[in-house]
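One structure is given here, and the rest of the page talks about it.
The values are calculated or read from the model by the stated rules, or taken from the named source; none is laboratory data. Keep in mind that what you see is a predicted model, and the values were worked out from it rather than measured. Quick reminder, even Gly has a Cβ in these numbers, built from the backbone with ideal geometry, and neighbours come from all protein chains shown.
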Amino acid sequence: MFHTLTSTDLLAITFAYLLGSISSAVLVSRLFALEDPRRHGSGNPGATNMLRTGNRTAALLTLFGDLTKGYIAVYLAVQLELSNTAVGLVALAAVIGHLLPLFFKFKGGKGVATTLGVCLAFSPWLGLSQILIWLPVAALSRTSSVAALATALMTPLLSYWLIPSQTIICTSIAALMIARHHRNLKNLINGQEHRL
């Protein structure tokens, strides 16, 4: 059912986008005096590429930062008792902020950790299910992108089962994540994808 957005809804969506636009990888690389992740490894400002610097603490902090910003955006929207439509749009805005960050020339990451953050805020069971898909696939394939793609493909089904009111949003976010991995798909086909 169509829901007219209020000024509070619009403020929450804008806040979510701006929060999502904060690049944890870039900030953490500066904190640890590491090479900018956008010019290192895969060139992706995310936790996996930060791991390639050899600094696990930096990678974990990046993961935590990207996950947390997605979680906080949705958590606050829920606490403000916004409608399901507005909460969904807040989640989408947070992920888009990560993918196309205003503060970093719209060159962001692939949205895996931020997507996990918003899904954990939607439903802890949804987030846990995603983790339980990502971990074994990553362990077996030794490839982060394969695990991310497998998780994205399963997310619409999981959301339909666990939080049907947000299935459209979760499907949209999953589609964005898959689209963001287009280069990884090409590398996988050519046998050139980076391994963990």
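Taking region 103-129 as the region of interest, how many residues are at pLDDT 95 or above, among the small types (Gly, Ala, Ser) and either in a loop (DSSP other than H, G, I, E, B) or farther than 20 Å from LEU76 by Cβ (or both)?
2
Hey, LYS110 hits all of (1) within 13 Å of the chain's Cα centre (by Cα); (2) surrounded by fewer than 24 Cβ atoms within 10 Å (Cβ to Cβ); (3) among the basic types (Lys, Arg) but one; which does it fall short on?
For LYS110, the failing item is (2).
Return yes or no: is LEU132 out of contact with any helix residue (DSSP H, G or I) (no Cβ under 9 Å at 6 or more places or on another chain) and either in contact (Cβ under 8 Å) with a residue 40 or more places away in the chain or in a helix (DSSP H, G or I) (or both)?
It is true that LEU132 is out of contact with any helix residue (DSSP H, G or I) (no Cβ under 9 Å at 6 or more places or on another chain) and either in contact (Cβ under 8 Å) with a residue 40 or more places away in the chain or in a helix (DSSP H, G or I) (or both).
I'd like the full set of residues that are of a type in the set (Val, Ile, Thr) and assigned to a loop (DSSP other than H, G, I, E, B), limited to region 17-53.
Within region 17-53, ILE22, THR53 meet the criteria.
Could you tell me whether any residue of region 21-42 is on the phi > 0 side of the Ramachandran plot and within 18 Å of the chain's Cα centre (by Cα)?
No, region 21-42 has no match at all.
Do we have ASP66 as in a helix (DSSP H, G or I), modelled with pLDDT of 95 or more, among the acidic types (Asp, Glu) and farther than 21 Å from ALA148 by Cβ here?
no
Of everything in region 69-102, what is surrounded by fewer than 22 Cβ atoms within 10 Å (Cβ to Cβ) and assigned to a loop (DSSP other than H, G, I, E, B)? Give them in sequence order.
Of everything in region 69-102, those that are surrounded by fewer than 22 Cβ atoms within 10 Å (Cβ to Cβ) and assigned to a loop (DSSP other than H, G, I, E, B) turn out to be LEU80, GLU81, SER83, LEU100, PRO101.
Keeping to region 1-25, report how many residues are modelled with pLDDT under 95 and crowded, with 20+ Cβ neighbours inside 10 Å.
Looking only at that region, the number is 3.
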